[in-house]
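Scroll down for the structure; my scribbles are underneath it.
The values are calculated or read from the model by the stated rules, or taken from the named source; none is laboratory data. All figures in this text were calculated on a predicted structure; none of them were measured in a lab. With ideal geometry, Cβ positions are generated from the backbone for all residues, glycine too; neighbour counts draw on all protein chains shown.
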Amino acid sequence: MLDPSIVLSVSELNRQVRRTIEEGFPLLWVAGEISNLTRAASGHVYFSIKDEAAQARCVMFRSRAQSIPWKLENGQQVEARVTVSLYEPRGEFQLGIETMRRAGLGRLFETFARLKSRLEGEGAFANERKRLLPRFPRRIGVVSSPQAAALHDVLVALRRRAPHVEAIVYPTLVQGDKAAAEIAEAIALAGRRNECDLLLIVRGGGSIEDLWAFNEEVVARAILASSLPTICGVGHETDTTIADYVADLRAATPTAAAELATQGWYAATREILALAAALPRAIESRLDMRQQQLDHLSLRLIHPAIRLTQANSRLALLSSRLDASLARMLVRQRERLNRTSIGLRRIAPRADKHQGRLGLLSQRLGAAIRRQQAQRDSRVDALSAALRHLDPDAILTRGYSIVRDAHGALVTDAASLRSGQAVSLRLARGQANATISSTTMES
């Protein structure tokens, strides 16, 4: 509270008034018409904002003016967010402009917010309601204006990424009072005709008024009721409409909508190219592995002659081991017999009484040794007979022969022979040459 008795300078008075005004008024919106507009060399903009009964001086500094997306001109109806102040050097009341929008945008934003809140409450934006897009659509519908650059961009992107996919255009206005109804009807028509797998709703960038048709409830309801999965690509990346929220998928731009619609085809093409490049390497690797396995298996194959030699060697080894075992057993039996005889003589001073029994035991021992020797000989004979059966020469004595071609290769398949071909025959005794007159395949 100022003391009324104090004498203030003009500068101090203006300073106190400025502080009082700025502290008394919050940041607020003011509506009116622009007049007396001038632009300083510094980039600051000075003008008045007026209505039918009053006006106020305004200043918008360069950093603020550069953020306005249109050219300020006299006569424009605007809504400005301002700070109320006083220009101290001149004592002039003025408004500092923080931001500005065209008149009526506030009402549009309020309408947008109310509809968005209501639809969100109904669950229209819920992810659970969103439908999955087909990965490989064969037909793609496009709801847009035939004269729009956005439609051209979409068609170019579709031809570039998936030229085999058919595009069907459902023409409509995308701006103006009748645009919302026409857009909704085009969406409904696409659903009734049911000739597409996916529907794109696209429009290029613009002001909020230009895009307002996509904020109308009739368009939102049409998208919600559509039987086709939808992608909405309206405006630029920073533009967001009600249609974006209710669509199954939002794209930042019309071109991005086309790219999202063909993402499956585009990715599949790249995958096929990658697989085509990898296939020869995979085949070569598999062949190398199989060849290595074949090499290992070939090392394990043994020629019958080698196998026969190995069997003979093993038979000779077993025979020698058998003879050695019998010899050792005989030695042990003799030693046992000697120990028994000695023991008997010790415990039986009259050994002559046991001579008969000793002779009997000696006979039984000899008989047991002979039986065991006979069993071993019989086993050796059986092994020898089995070995003879494996001898290729023994097989030839039963009427078989070994056939070789002119190069000395074995012939095991009649299909490898041709009429008139010379072959050699190995028989049980000697060899013979022959010429093939005909061949017969067994089933």
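Restricting region 99-123 to residues that are assigned to a loop (DSSP other than H, G, I, E, B) and modelled with pLDDT of 85 or more, the residue that is nearest to H164 (Cα to Cα) is G123. Of all residue pairs spaced 6 or more apart or on separate chains, those with beta-carbon atoms under 8 Å, a first member in region 266-284 that is within 22 Å of A256 (Cβ to Cβ) and a second member that is of a type in the set (D, E) are Y266/E259. Number of residues in region 57-98 that are under 23 Å from V10 (Cβ atoms), surrounded by 15 or more Cβ atoms within 10 Å (Cβ to Cβ) and of a type in the set (A, V, I, L, M, F, W, C) equals 4. Taken together, the residues in region 82-140 that are among the acidic types (D, E) and farther than 29 Å from K50 by Cβ amount to 3. Filtering region 40-62 for residues that are of a type in the set (D, E) and over 30 Å from W212 (Cβ atoms) leaves an empty set. Picking from residues in region 229-247 that are among the acidic types (D, E) and surrounded by 19 or more Cβ atoms within 10 Å (Cβ to Cβ), the one that is nearest to N194 (Cα to Cα) is D244. Exactly one residue out of G264, G206 is surrounded by fewer than 21 Cβ atoms within 10 Å (Cβ to Cβ) and closer than 17 Å to L133 by Cβ: that is G264.
From the list I395, I347, I369, I436, the one residue that fits, being of a type outside the set (K, R), under 30 Å from V331 (Cβ atoms) and either surrounded by 10 or more Cβ atoms within 10 Å (Cβ to Cβ) or at pLDDT 90 or above (or both), is I369. Screening region 136-234 for helices (runs of 4 or more DSSP H) wholly inside it with 2 or more residues that are over 21 Å from K116 (Cα atoms) and of a type outside the set (F, W, Y) returns the ranges 149-161, 179-193.
Taking the condition more than 53 Å from the chain's Cα centre (by Cα), free of Cβ contacts under 8 Å to residues at least 12 places away in the same chain and outside the structural domain of E209 (by TED's automatic domain parsing), does A31 pass? No, not satisfied. Out of all the residues in region 81-98, which are in a strand (DSSP E or B) and over 52 Å from the mean Cα position of the chain (by Cα)? Result: V82, T83, V84, S85, L86, Y87, E92, F93, Q94, L95, G96, I97. What do you reckon, is L322 part of a helix (DSSP H, G or I), modelled with pLDDT under 85 and among the aliphatic types (A, V, I, L, M)? In short, no. The residue list I306, I302, I272 contains one member that is under 30 Å from I402 (Cβ atoms), modelled with pLDDT under 85, among the aliphatic types (A, V, I, L, M) and part of a helix (DSSP H, G or I), which is I306. Of the residues examined, G141 is not one that is at pLDDT below 90, under 48 Å from the mean Cα position of the chain (by Cα) and closer than 21 Å to D248 by Cβ.
Looking at S35, S48, just one residue is hydroxyl-bearing (S, T, Y) and modelled with pLDDT of 90 or more, and that residue is S48. Take the residues of region 209-219 that are under 38 Å from the mean Cα position of the chain (by Cα) and surrounded by 24 or more Cβ atoms within 10 Å (Cβ to Cβ): which is farthest from Q175 (Cα to Cα)? For region 209-219, the residue satisfying everything is V219. Restricting V17, V10, V30 to those that are farther than 15 Å from R101 by Cβ and surrounded by 15 or more Cβ atoms within 10 Å (Cβ to Cβ) reduces the list to V17.
Taken together, S341, S401 contain a single residue that is modelled with pLDDT of 80 or more, of a type in the set (S, T, N, Q), surrounded by 10 or more Cβ atoms within 10 Å (Cβ to Cβ) and in the same structural domain as L425 (by TED's automatic domain parsing), which is S401. Here V218 meets the list (1) hydrophobic (A, V, I, L, M, F, W, C); (2) modelled with pLDDT under 90; (3) touching a helix residue (DSSP H, G or I) at 6+ places or on another chain (Cβ under 7 Å) almost entirely, failing just condition (2).
For region 132-181, the set of residues classified as of a type in the set (D, E) and touching a strand residue (DSSP E or B) at 6+ places or on another chain (Cβ under 7 Å) consists of E166 only. Per the listing D288, D244, the residue uniquely closer than 24 Å to A124 by Cα and not in a loop (DSSP other than H, G, I, E, B) is D244.
Whether any residue in region 123-141 is among the aliphatic types (A, V, I, L, M) and exposed (fewer than 15 other Cβ atoms within 10 Å of the Cβ) is what I want to check. The answer is yes; a qualifying residue exists. Within region 153-169, the set of residues being surrounded by 16 or more Cβ atoms within 10 Å (Cβ to Cβ) and in contact with a Lys or Arg (Cβ under 9 Å, 6 or more places away or on another chain) comprises V165, A167. The sole residue among A256, A252, A267 that is in the same structural domain as H152 (by TED's automatic domain parsing), in a helix (DSSP H, G or I) and closer than 25 Å to G233 by Cβ is A256.
Being within 30 Å of S319 (Cα to Cα) and assigned to a loop (DSSP other than H, G, I, E, B) is the requirement here; does R398 meet it? Yes, satisfied.
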